[in-house]
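Input: a single structure, listed below in C-alpha cells.
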Amino acid sequence: MSKFPSASSLEPQFIRGMHNLRPHHHGSVVTIGSYDGVHLGHQTIIRQVAAKSAELQLASVAVVFEPQPHEFFAGEEAPARLMRLREKALSLFDAGVDRVCCLQFNQALRSLSAEEFVRQVLVDGLGVKHLVIGDDFRFGCDRSGDYEFLKGAGKRYGFEVCDTHTYEVDDERVSSTRIRAALERADFDLAGRLLGKPYTVSGHVGYGQQLGRQWDVPTANVHLRRYRSPLNGVFAVRAQLPDGRAVNGVANVGVRPTIGEKIKPILEVHLLDFDGNLYGQMITVEFLHKLREEQKFESLDLLKAQIYRDIDQARAYFSA
C-alpha cells in the first residue's frame, strides 16, 4: 500500500489489490468504474459518494481496475488512455475520495459472475454500506451486473444502491470517449471544459538518446507506458516544474518514426529558455496548441531543421 496526499479529512490511501484490504477498511461508501480522466461526470459521482460518506461517517472508496477492462480485452487496439494510474488516483483524491482500491483486472477477476463480484469484492472485501454507480455501469462475466441487479444484491447483503444521471455539457453527455475525440483534434478548450481543468500529462523525467542535447535542444522525456496516446504530434505546452515554476515549451508526443526505436509513445518536452537538470523529477505538462503532426524525415539533419522551426513557431505562439 502506498499513500497519496489529499485534502480529505481521512488520511488517503491507495490500496493495490484485495490482499491488501484490512479489517479497518471494512464499512464504506463505494463507487466502481474506470474513471479515466476523472471528468465532470465522474466528479458528480464522487461528490455524491463524499456526501453519503459524511452522512454515514464512513470512508469513501473508489474501486478502479488496472489494466482497465477494455484494455484487457482489446490489448494494443484499446482506445487511448487519458491518464495513468497515478494521475487517476491523485485526481480521485482531489475530487474527494478517501481511498482508491485498485484491482488487477486479470483472467480470475474477469471470470467472476456479478454475484461473485458483489460478494467477494463489495461485501467481504469492503463491507459496503452504500454503493453509487454511473448510469451505464455493467460488470460480471455474464454482464448481468447492472443497477437492477445491484438493488437486489443490496437487499440480500444489507447495503443501499443509487445511480447517477448523465452529466451533460452543451447538451451532450460528458464521457471519456468525447474527451478523447476532442484531444485527437486538438480541441483543448472543449477537453478542458469536459474535464473541469486543463488537460495535462504528468510523469517522471527519464533518459533518452540525448540527440536533442547534441543539437542544443535538450528534452525532458516522459515515457507514457501505454500503447496509444490521445495526442500525437508537436505542441506548444506549459510545464509545471517541481519547484513551482511554469515554463513554456514545445513538445512532441509520438513514437519518433525518424529514429524508429519506439513502439509505445513518449512525451518529449523542450523547455524554452530553461537551463537545469530534471532527471528523475516529476513534471506536469499542459497542452495549449497543436503545431503539426508527427512525421518521418529522410534524415536526422532534416529532423533537426524541423525541430528548430517548431521552436520558432512555439515562440511565436507564446509571444502572440
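The values are calculated or read from the model by the stated rules, or taken from the named source; none is laboratory data. Keep in mind it's a predicted model, so treat the numbers as computed, not measured. Ideal geometry is used to build each Cβ from the backbone, glycine not excepted, and the neighbour counts take in all protein chains shown.
Any residue at all in segment 67-84 that is part of a helix (DSSP H, G or I), exposed (fewer than 15 other Cβ atoms within 10 Å of the Cβ), in contact (Cβ under 8 Å) with a residue 60 or more places away in the chain and on the phi > 0 side of the Ramachandran plot? Yes: segment 67-84 contains one or more residues that are part of a helix (DSSP H, G or I), exposed (fewer than 15 other Cβ atoms within 10 Å of the Cβ), in contact (Cβ under 8 Å) with a residue 60 or more places away in the chain and on the phi > 0 side of the Ramachandran plot.
Taking the numbered list (1) over 23 Å from the mean Cα position of the chain (by Cα); (2) closer than 21 Å to residue 201 by Cα in turn, residue 267 passes all entries but (1). Sub-9 Å Cβ pairs linking a first residue in segment 102-125 that is β-branched (Val, Ile, Thr) to a second residue that is assigned to a strand (DSSP E or B) and surrounded by fewer than 19 Cβ atoms within 10 Å (Cβ to Cβ), at least 6 apart or interchain, are 121/103, ordered by first then second residue.
Residue under question is residue 119, and the condition is that it be modelled with pLDDT of 95 or more, surrounded by 14 or more Cβ atoms within 10 Å (Cβ to Cβ) and over 20 Å from residue 41 (Cα atoms); does it hold? Yes: the conditions hold for residue 119.
Take the residues in segment 119-170 that are of a type in the set (Asp, Glu) and assigned to a loop (DSSP other than H, G, I, E, B), then tell me which one is farthest from the chain's Cα centre (by Cα). Filtering segment 119-170 for residues that are of a type in the set (Asp, Glu) and assigned to a loop (DSSP other than H, G, I, E, B), the one farthest from the chain's Cα centre (by Cα) comes out as 142.
Taking the numbered list (1) surrounded by fewer than 14 Cβ atoms within 10 Å (Cβ to Cβ); (2) modelled with pLDDT of 95 or more in turn, residue 272 passes all entries but (1). Across segment 277-319, which residue is surrounded by the most Cβ atoms within 10 Å (Cβ to Cβ) among those that are farther than 18 Å from residue 247 by Cβ and of a type in the set (Gly, Ala, Ser)? Here the residue is 305.
The lone criterion from (1) among the hydrophobic types (A, V, I, L, M, F, W, C); (2) surrounded by 19 or more Cβ atoms within 10 Å (Cβ to Cβ); (3) part of a loop (DSSP other than H, G, I, E, B) left unmet by residue 250 is number (3). Taking the numbered list (1) more than 23 Å from residue 291 (Cα to Cα); (2) crowded, with 17+ Cβ neighbours inside 10 Å in turn, residue 201 passes all entries but (1).
Selection within segment 164-177: residues that are surrounded by fewer than 18 Cβ atoms within 10 Å (Cβ to Cβ) and either among the polar types (S, T, N, Q) or touching a residue at least 12 places away in the same chain (Cβ under 8 Å) (or both). The member of this set that is nearest to residue 115 (Cα to Cα) is 165.
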